[in-house]
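Rule-based calculations on the coordinates, nothing more; no lab input. These numbers were taken from a predicted model, which means no experiment stands behind them. As a convention, Cβ positions derive from the backbone with ideal geometry for all residues, glycine included, and neighbour counts pool all protein chains shown.
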Amino acid sequence: MKTEGNTILITGGGSGIGKALAHRFHDLGNTVIVAGRRKDVLQEAISGRPNMYAMTFDADSAAGVADFARRVTTEHPALNVLINNAGIMRFEALDRHRDLADAEATIATNLLGPIRLTDALVEHLVGQPDAALINVTSGLAFVPLTSAPTYSATKAAMHSYTVALREALKGRIEVIELVPPAVQTDLTPGQATRPGYLPLVDFIDEVMALFQQSPTPCEILVQRVAFQRQAEAERRFDEAVTTLNEMARKAREAQQESLSD
């Protein structure tokens, strides 16, 4: 993937990994559009940065995504890179009957959202030079977190969808999967300071170094995520499921104890 001179659209670009990617790609000389629901955080993300733009859209609405795709290609006809990063993570209990609103919202945002936006923009991207499509999935696509089962499932689905896109668009759009491990962001309450999670700046440093490799890897895998990505291939999947979920439980408990002291 060419890392400079692009026009890049990043969904969920107002915070966390999306914002960090937006700033790093902007620093390399790209025009960057950040998109999401909250205008205030988007405006803060682009503050003081020429050639960065903020656009609101609702990833959960099919009509809203279609309208957004028309607006963004009209206002930014040179758009040639799409980064599907927007996502939500909700904790769910699987051992009792529950309201499935969280599961349904997670599927709408994390799976239907990027599928709809990719569909709306694919013909535009095919006609652009140096076109690239980047889907942000998760290490949980490969080893699930039992307390966030629908999130893990949507990321597994996006991994599969990305593999299919890569084959279908071969030679026309470069398709890349970015696979974060547990990173210190505001994705869930308290996660930005949770012990044992990878600091955001360290994650982005490693990610940008991988993006600048030639050729760009089809999967952007920082070292920390190899434990999950390679678990099945290395025949330690069951052990990884147990280890990951125990580590996550202990990290949350340790943080809660520190806050109560």
In nm, spacing of pseudo-spin labels at LEU210 and ALA168 (7 Å Cα→C-beta vector): 2.4 nm
Per residue of the range 215-232, in order, report the coupling 6.51 cos²θ - 1.76 cosθ + 1.60 (Karplus, θ = phi - 60°) as ³J(HN,Hα) in whole Hz, putting x for Gly and Pro. x, 5, x, 6, 10, 8, 10, 6, 4, 5, 8, 4, 3, 8, 4, 9, 4, 6
Can you list the trypsin sites (Lys or Arg not before Pro) in the range 31-113 that are in a DSSP coil and have 13 or fewer other beta carbons within 10 angstrom? ARG38, ARG96, ARG98
If I model the range 12-91 as equal point scatterers sitting on the Cα atoms and use the Debye formula, what is log10 I(q)/I(0) at q = 0.15, 0.21, 0.24, 0.25 Å⁻¹? -0.50, -0.99, -1.26, -1.35
Give me the tail of P(r) for the range 7-260 as a percent: Cα-Cα pairs with distance above 24 Å. 46 percent
Rounded to the nearest 500, the 222 nm mean residue ellipticity computed for the chain from DSSP H runs (n ≥ 4, each -39500 (n - 2.57)) alone is -14000 deg cm²/dmol
Please find, in a Gaussian network model of the chain (springs between Cα atoms separated by less than 10 Å), the residue of ARG166, ARG249, ARG235 whose mean-square fluctuation is greatest. ARG235
Helix 149-168 axis, angle to the chain major axis (alpha carbon atoms, nearest 10°): 40 degrees
ILE220 long-range amide H proximity, modeled H, under 5 Å: GLU177, LEU178, VAL179
Lysines whose Cα lies under 18 Å from that of LYS170, excluding same-chain neighbours fewer than 8 positions away: LYS2
Please order SER138, SER47 by the number of other Cβ within 10 Å, starting at the fewest. SER47, SER138
Can you tell me the order of 27-33, 78-84, 209-215 when each peptide is scored by its average per-residue count of other Cβ atoms within 10 angstrom, highest first? 78-84, 27-33, 209-215
ALA132's amide H: which non-local residues (gap 5+, or another chain) put their own amide H closer than 5 Å, with H modeled 1.01 Å from N in plane and none for Pro or chain starts? VAL81, LEU82, GLU174
For ASN6, enumerate residues with amide H under 5 Å from its amide H, sequence gap 5+ or separate chain, H modeled in the peptide plane. THR31
Translational diffusion coefficient, Stokes-Einstein: compute it for the range 127-188 using the Kirkwood radius over C-alpha pairs as Rh, at 10 °C and 1.306 mPa s, and state it as an integer in µm² s⁻¹. 125 µm²/s
Do me a favour and compute the ellipsoid semi-axes for the range 1-146 from its Cα gyration tensor, root of five times each eigenvalue, largest one first, whole Å. 28, 16, 15
With just the Cα atoms defining each centre, how far is the range 46-87 from the range 190-247? Give it in Å. 27 Å
The range 249-257 - phi-based ³J(HN,Hα) in whole Hz, Karplus 6.51/-1.76/1.60, Gly and Pro as x: 4, 5, 5, 5, 5, 4, 5, 5, 5
